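Reviewing the structure listed below.
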Amino acid sequence: MGKINAGSAVVNVLKNWDIDHVYGLPGDSIDNIVDALQKEQDSIKFIHVRHEEVASLAAASYTKLTGKIGVALSIGGPGALHLLNGMYDAKMDKVPQLVLVGQIPSKFANTDYFQEVDTAAIFDDCAVFNKEITRPEQLPIVVDQAIRAAYEKRGVAVVIIPDDVPKNMIADTVERLDAPKQPTRTGLNVADLEAAVDLINAAKKPTMLIGTGTKKAKAEVTAFAEKMGIVVMSTLPGKGIMADMHPNYVGNIGQIGTKPAFEAMQESDLLILAGTDYPFRKYLPAKAKCIQIEIDATRIGKRHAATVGIVGDAKEALAYLTTHAKEVKDRPFLKACNKNMQTWWKWMDEHMDKTTSPIAPQAVIKQMQRIADEDAVFSIDVGTSTVWSTRYLKLGHKNDFLISAWLGTMGCALPGAIASNMADSKRQVISLQGDGAFAMVMQDFATAVHYNLPMINVVLSNQQLSFIKYEQQAQGQLNYGIDHSDIDFAKFAEACGGKGYRVTKFEELEAAFTAAKADNCPVIIDVVTDQNAAPLPGKIVMDEAKGFARFEIRTALEEKRIAQLPPLKDIMRQFF
C-alpha cells in the first residue's frame with residue numbers, strides 16, 4: 001500500500017463526497033490543508049473571503065440552495081471564533097456543513113500558547129460532530145465520518161486539525177470512487193400514510209404549511225394541493241416552493257406573512273405540516289387535526305399535536321398521498337381563500353405602484369421583479385428587507401429564496417449571493433439588504449469582484465435600523481440607538497472594482513435597474529428609501545395595536561411631538 005500526505009488524503013475524501021469548493025481564509029495553523037487544496041485546485045476551488053463569518057454564511061447558503069454540503073475553513077483562535085455566526089445559521093436552519101479548523105501544533109497544546117483556545121468547547125453547542133485530530137492516520141477517517149454525520153444529522157460537523165498533523169505521510173487508504181458518496185434516506189411507513197389519507201378525505205377545510213423540507217418536492221407539493229383542493233401557505237424560508245400566484249397559495253404565515261394566510265389557518269380543520277418545524281404556535285390552528293411529514297422523528301408533535309406522524313422524505317410522502325387520496329374538484333374553502341388572496345394582491349400592487357420620493361421600498365421590489373430572470377436566485381437579508389421581499393416578490397417555481405431563517409442574522413444576503421453564483425454561475429443572482437445589514441459584511445463585495453461573480457446587490461439606504469425601529473414601537477418603547485450615518489455604497493462598489501448606482505429619486509430607479517441587469521459583473525444599487533415606510537404585520541393582532549398606542553402616547557408626552565404613523569387605510573385593512 002502506497003503512502004500519501006495526510007492533508008492530501010483529506011482532499012481525496014472531499015472529492016469522494018463531490019465537494020468542489022471551500023470557503024475560507026488561509027493562515028499558519030491551517031496552511032498545510034490549504035497547501036493540499038492548492039495541489040488539487042482544478043478539482044476543488046478555494047474561495048478566499050475577506051472575513052471568516054462570510055465563509056460559514058456562504059457555506060450555509062450554498063447548502064440551502066443545492067442540498068450539497070458546504071465547507072468552511074479557517075485558522076484556530078480568532079478565525080475559528082469568526083466562523084461561529086454562519087455555523088449557528090447552518091445549525092438552526094438544519095443544513096449540513098463541514099468546518100475544518102486549524103489548531104496550534106500538538107507539542108504546544110495546553111501550554112497557553114499563542115492563539116490557543118479551547119476550540120472543541122467553543123463549538124460544542126453548535127456542532128453535531130466535533131472532534132480534534134491527535135494522529136495523522138485519523139485525519140481522512142474522521143473527515144469522512146464528519147461529512148456523513150453532517151448529512152445524517154443535518155447540522156455542523158467540526159474537525160479540529162493541529163498544524164503539524166496534515167504534513168505527515170500515512171497509508172493511502174482512501175478509495176477513489178467513480179460516483180460520489182450519498183447520504184442515507186429514511187423509508188416511509190405505509191400504515192401512517194394510509195391513516196393520513198383517511199384524514200385528508202374527511203377534511204372540509206384542509207391547509208398545508210410547507211417548509212424547506214419540501215424544497216426538493218416542488219412538483220409534488222403543487223400536484224398534491226391541486227388534486228385535493230388544499231390551501232397552501234409557507235414558512236419564511238419556504239417562499240418560492242409553490243408559485244406565489246398559484247390559486248392554491250395564500251402566502252407566508254406569521255407576523256410578516258399575509259392576512260389571508262392568517263385567516264385560512266384559523267379556519268382550518270386539518271393542518272398538514274410538510275417539512276417544517278415552524279415554531280410560532282399562536283399562528284397555528286389549536287383545534288385542527290394534524291398530519292406532520294418530518295424527516296426527523298424527534299420533531300413529530302413538537303409544535304402541534306400530530307394526529308398522524310409520517311417520518312420520511314416529503315417528496316415520497318406527498319407523491320403517495322397524491323396517488324391514494326380522493327380528488328376534490330370543488331372546494332368552497334379554497335375558493336374563499338383565493339378570493340381573499342386576490343384582494344390582498346390588489347393592496348400590495350397599490351404599494352408597489354408608489355412613485356414618491358423618498359422612494360418607497362415596495363417600488364424597489366417592483367423593479368427587482370421587472371428585471372428578474374425566470375430562474376433568478378434571491379438572497380435576502382434580515383430586517384425590513386425580509387418583509388418587503390417576502391410580501392411583495394412574486395416568485396415562480398423556478399426561483400430560489402435564500403435567507404437566515406431561524407438565527408435571523410443580519411449580513412446574510414451578500415454571502416448568499418456569493419454562494420449562489422458558486423452553485424450555478426448561469427443563474428441570475430439578486431440580493432436585497434438594508435444599509436445596516438450590508439455594512440456588516442460589505443468588505444466581501446471585494447470577494448465577488450475578485451472572482452468575477454456577476455450579481456446585483458440592492459441596498460435600501462435609510463440611515464436607520466428600520467425593523468428594530470418598529471419592534472421598539474410595537475412594544476411601546478421610544479426609538480433609541482437605531483440611527484447611523486450614510487454611506488455611498490455606489491462609490492464603494494466602484495472602489496472595489498465593481499459597478500455602482502446611487503438612486504435618490506424615483507425617476508432614476510428604473511434606469512438604474514435596467515443598466516444593472518445589463519452589467520455582467522458585481523453591482524451595487526444603492527437606493528435612498530423612505531425612512532417612514534412601515535413594515536406592518538400582515539395581520540395586526542391586539543397586543544401589537546396596544547404597543548403602537550403606547551408608543552404614540554409616550555412620544556407625545558415625553559418628546560412633545562406626534563409620531564408619523566403609517567397610512568390609516570393600511571392599518572385598518574390589516575387589523576380588521
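The values are calculated or read from the model by the stated rules, or taken from the named source; none is laboratory data. As the structure is a computational prediction, the values presented were derived from the model and not from experiment. Cβ coordinates were reconstructed from backbone atoms using ideal geometry, including for glycine residues, and neighbour counts include every protein chain displayed. Calculation scope for accessible area: heavy atoms of the full protein, side chains included, ligands and nucleic acids excluded. Shrake-Rupley method; radii C 1.70, N 1.55, O 1.52, S 1.80 Å.
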Could you pull out the residue among Ile147, Ile200, Ile160, Ile141 that is in a strand (DSSP E or B) and either modelled with pLDDT of 95 or more or surrounded by fewer than 22 Cβ atoms within 10 Å (Cβ to Cβ) (or both)? Ile160
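Yes/no per residue for (1) in contact with a helix residue (DSSP H, G or I) (Cβ under 7 Å, 6 or more places away or on another chain); (2) surrounded by fewer than 24 Cβ atoms within 10 Å (Cβ to Cβ):
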position	(1), (2)
Thr184	yes, yes
Gly187	no, yes
Met208	yes, no
Lys218	no, yes
Ala225	no, no
Ser234	no, no
Pro237	yes, yes
Ile256	yes, yes
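Residues Leu460, Leu478: which one is in a loop (DSSP other than H, G, I, E, B) and in contact with an Asp or Glu (Cβ under 8 Å, 6 or more places away or on another chain)?
The conditions single out Leu478.
Report yes if Ile4 is surrounded by fewer than 24 Cβ atoms within 10 Å (Cβ to Cβ), of a type in the set (A, V, I, L, M, F, W, C) and under 23 Å from the mean Cα position of the chain (by Cα), otherwise no.
Spelling it out, it is not the case that Ile4 is surrounded by fewer than 24 Cβ atoms within 10 Å (Cβ to Cβ), of a type in the set (A, V, I, L, M, F, W, C) and under 23 Å from the mean Cα position of the chain (by Cα).
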When only residues in segment 11-36 that are of a type in the set (Gly, Ala, Ser) and open to solvent by 10 Å² or more (accessible area, probe 1.4 Å) count, which is nearest to the chain's Cα centre (by Cα)? Gly27
Can you give me the number of residues within segment 77-121 that are among the basic types (Lys, Arg), buried (at least 19 other Cβ atoms within 10 Å of the Cβ) and assigned to a helix (DSSP H, G or I)? 1
What are the residues in segment 481-507 that are of a type in the set (A, V, I, L, M) and part of a loop (DSSP other than H, G, I, E, B), if any? Ile482, Ile487
Might you let me know whether segment 50-66 holds any residue that is open to solvent by less than 40 Å² (accessible area, probe 1.4 Å) and in a loop (DSSP other than H, G, I, E, B)? no
